[in-house]
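The values are calculated or read from the model by the stated rules, or taken from the named source; none is laboratory data. The structure presented is a predicted model; accordingly, all values stated were derived computationally and were not measured. Cβ sites come from the backbone with ideal geometry, for glycine too, and all protein chains shown count toward neighbours. Each accessible area value is taken on the protein alone, full model and side chains, heavy atoms only, with ligands, DNA and RNA left out. Shrake-Rupley method; radii C 1.70, N 1.55, O 1.52, S 1.80 Å.
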Amino acid sequence: MSVRKIHAAGKSSSRLDGRVAIVTASTEGIGFAIARRLGLDGATVMVSSRKQQNVDKAVEKLKEDNINVAGMVCHVGKEEDRKQLIQETMNKFGKLDILVSNAAVNPIFDVPIVEVTEKAWDKVFDVNVKASFLLAKEAYPHLKKSNNGAIVFVSSVAGFSPRPGSGPYGISKTALFGLTRALSVELGVENIRVNCLAPGLIKTHFSSTIWTNEAAIKSDAERLLSIKRIGQPEECAGIVSLLCSDDASYITGEIILVTGGVAARL
Ligand code: NAP
């Protein structure tokens, strides 16, 4: 839909009508909220994660919202799973316009960076960075055909300000800023826009070790946050829908922070 038509329609609920979107790691948390919002804004959505029962539950919930949705297992670290995710989306929906690469791991807590093992480092980079790149590469020919493609990488404020004890996670999220920039400068000519979401502390299972620690939350809120509360997954979702839509037709290579006002810079 053209920019003019969206404005003429005067509503945002159809801004992704006719688009097909893949969201990885989308059976709960931020990924689920993004999948739901893209669906509510008109996109057909393929959800995925590692466990079939989680996929089934997410699909069921999204169908209750009348979202056109399918789901399948995809561990983003597995080449075969990534290929099947793209192929199955093409088989089911015939095209691909939007890729939201949201999966990440953070298995390293309270480990001084100089004590991180090569194995732990590789795991973080394989899932958070390499899989994001390879998925984008796999999606590329289809996004090119779309002639209106959008990629969003879900990074983190930790890419700007790493938490002590989780160094490699922060570094992997900084790498996604670089991946966003590198892809955006090459893919703009194919009408594929590439942007990045950098959430702050958002209430999900992933961040539960932080937000269940009341002292840590209080200290974060006092020192870092302008909006003195933890964020909710839904507060990350609307901006991703916007970035994937024609309302963002001249936005590429950007990193959008959703942090409640954390000051962040490299
Ligand atoms: P979450 O609520 O814990 O959800 C994780 C989702 O990822 C689940 O659907 C899980 O389902 C799936 N998953 C886990 N490993 C996967 C893998 N290897 N391949 C495919 N799916 C996988 O996590 P979240 O907080 O929403 O995090 C989502 C993204 O936001 C991550 O990139 C994270 O770095 C980023 N982020 C989060 C926060 C925060 O405060 N929450 C802040 C900044 C950035 P299965 O178990 O079925 O696989």
What is the residue count in region 127-156 for residues that are under 14 Å from residue 179 (Cβ atoms), in a helix (DSSP H, G or I) and either open to solvent by less than 70 Å² (accessible area, probe 1.4 Å) or among the aromatic types (Phe, Trp, Tyr) (or both)?
-> 11
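Regarding region 109-120, can at least one residue be identified that is open to solvent by 40 Å² or more (accessible area, probe 1.4 Å), within 21 Å of residue 38 (Cβ to Cβ), more than 16 Å from the ligand (Cβ to nearest atom) and not in a strand (DSSP E or B)?
Step one: filter region 109-120 for residues open to solvent by 40 Å² or more (accessible area, probe 1.4 Å), giving 109-115, 117-119.
Next, from what is left, pick out any that are within 21 Å of residue 38 (Cβ to Cβ): none.
Checked region 109-120: no residue is open to solvent by 40 Å² or more (accessible area, probe 1.4 Å), within 21 Å of residue 38 (Cβ to Cβ), more than 16 Å from the ligand (Cβ to nearest atom) and not in a strand (DSSP E or B).
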Looking at 179, 225, 187, which is the one that is within 19 Å of residue 25 (Cβ to Cβ) and of a type in the set (A, V, I, L, M)?
-> 179
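Go through region 176-266 and tell me which helices (runs of 4 or more DSSP H), entirely inside it, have 1 or more residues that are within 15 Å of the chain's Cα centre (by Cα).
On the way: elements: 208-211, 214-223, 234-244.
Of the helices (runs of 4 or more DSSP H) lying wholly inside region 176-266, those with at least 1 residues that are within 15 Å of the chain's Cα centre (by Cα) span 234-244.
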Identify, please: which residue in region 34-66 is open to solvent by 10 Å² or more (accessible area, probe 1.4 Å) and of a type in the set (A, V, I, L, M) and is, among those, farthest from residue 246 (Cα to Cα)?
-> 59
Check region 80-102 and report whether any residue there is free of Cβ contacts under 8 Å to residues at least 40 places away in the same chain, more than 18 Å from residue 133 (Cα to Cα) and assigned to a helix (DSSP H, G or I).
-> yes
How many of the residues making up region 93-120 are within 22 Å of the chain's Cα centre (by Cα) and closer than 19 Å to residue 21 by Cβ?
-> 11
Got at least one residue in region 206-214 being free of Cβ contacts under 8 Å to residues at least 24 places away in the same chain, more than 15 Å from the ligand (Cβ to nearest atom) and not aromatic (Phe, Trp, Tyr)?
-> yes
Could you tell me which numbered condition residue 162 fails, if it satisfies all but one of (1) within 22 Å of residue 263 (Cβ to Cβ); (2) part of a helix (DSSP H, G or I); (3) touching a helix residue (DSSP H, G or I) at 6+ places or on another chain (Cβ under 8 Å)?
-> (2)
Taking only region 190-240 into account, find how many residues are open to solvent by less than 70 Å² (accessible area, probe 1.4 Å), acidic (Asp, Glu) and at pLDDT below 95.
-> 1
